[in-house]
Amino acid sequence: MSLHVLAAGPLTLVQDRGRPGLAHLGVPRAGALDAPAAALANRLVGNDADAAVLEVVLGGLELYAEAACWVAATGAPAPLEIDGSARGHGRAERLAAGATLRLGRPPTGVRTYLAVAGGIAVDPVLGSRSTDTLAWVGPPPVRPGVRLPLGRPHAVPRPLDTPPAYRPGPLRVTPGPRADWFASDALDLLCGSTYVVEADSNRVGLRLDGPAVTRIRSGELPSEGMVLGAVQVPPSGRPVVFLADHPPTGGYPVLAVVHPEDLWRCAQLRPGERVRFSPAPPPDPAAAAAARR
């Protein structure tokens with residue numbers, strides 16, 4: 001079973017949960033940038049959580065089904081059509097053999113996730129089917145004319161599922177490891193300012209324009225390990241939020257780290273949209289102890 005790609009839009013990638021745990025070997029984690037949306041799409045069609053999906057930037061994807069299959073679109077609400085008939089977002093839909101699926105441009109957000117029952121069964125690389133756009137590890141970007149192989153479905157699709165709760169407001173951050181490279185009020189400045197997403201943002205990093213964060217130390221910082229969500233500050237003073245394809249190391253100081261539960265929102269921010277930060281509340285010791293039991 002396979003899907004024939006007729007059009008791929010601005011950028012369509014195969015993504016799963018990525019390659020965590022290989023940073024010490026210099027391999028970025030990659031994986032779906034909006035992880036909750038990808039997980040929801042997989043649940044809707046009855047896939048395991050680690051099945052590969054298609055991450056579609058600003059729509060434009062067109063697929064021809066060589067055999068019948070179940071599909072589901074989540075994330076940015078791109079209009080979904082099957083043979084010209086409008087279908088639902090965030091629910092399982094049947095794609096008949098010989099039918100054509102089209103994803104339009106979403107009115108909001110950036111990345112739509114399309115799951116297919118059985119998963120996209122391209123060959124894994126280093127244990128993952130994700131495309132890393134920094135080093136281009138994994139399958140190449142999806143192109144017109146390609147046939148995408150599908151795995152064997154093994155569970156019944158869910159007609160409906162509950163998406164993760166959306167938490168509006170600023171992106172929560174915790175202090176980073178290099179606060180001593182900045183003025184004492186640097187984190188307050190970051191959390192008290194409004195930034196704008198720049199056009200060159202991508203899966204590597206969310207680049208922001210706005211008030212510069214001032215360093216009090218000059219010179220070079222030796223390259224050190226970086227984590228997902230790190231808010232790195234280059235010499236310009238304009239922060240960059242490291243996303244799924246970020247390099248394992250970096251040489252600019254990290255002022256803060258975005259809370260893991262808020263990272264998916266970075267995947268759906270368009271150039272020109274405004275971003276604010278706020279300090280994350282300290283963890284609840286009782287809740288942490290309960291989670292460990």
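The values are calculated or read from the model by the stated rules, or taken from the named source; none is laboratory data. Computed from a prediction, not measured in an experiment: that's the story for all the values here. Heads up, the Cβs are rebuilt from the backbone with ideal geometry, glycines too, and the neighbour counts pull from every protein chain shown.
General observations
- Selection count, the range 122-145, where residues are without any contact (Cβ under 8 Å) to a residue 24 or more places away in the chain and farther than 12 Å from V14 by Cβ: 1
- The range 151-200 - residue that is of a type in the set (F, W, Y) and either modelled with pLDDT of 95 or more or surrounded by fewer than 15 Cβ atoms within 10 Å (Cβ to Cβ) (or both) and, of those, farthest from S2 (Cα to Cα): Y195
- Any hit, the range 70-78, residues being more than 26 Å from A244 (Cα to Cα), assigned to a strand (DSSP E or B) and aliphatic (A, V, I, L, M): no
- Selection status of L148, surrounded by 15 or more Cβ atoms within 10 Å (Cβ to Cβ) and either assigned to a loop (DSSP other than H, G, I, E, B) or free of Cβ contacts under 8 Å to residues at least 40 places away in the same chain (or both): no
- Residue list for the range 230-251, filter: outside any loop (DSSP other than H, G, I, E, B) and surrounded by 17 or more Cβ atoms within 10 Å (Cβ to Cβ): A230, V231, Q232, V240, V241, F242, G250
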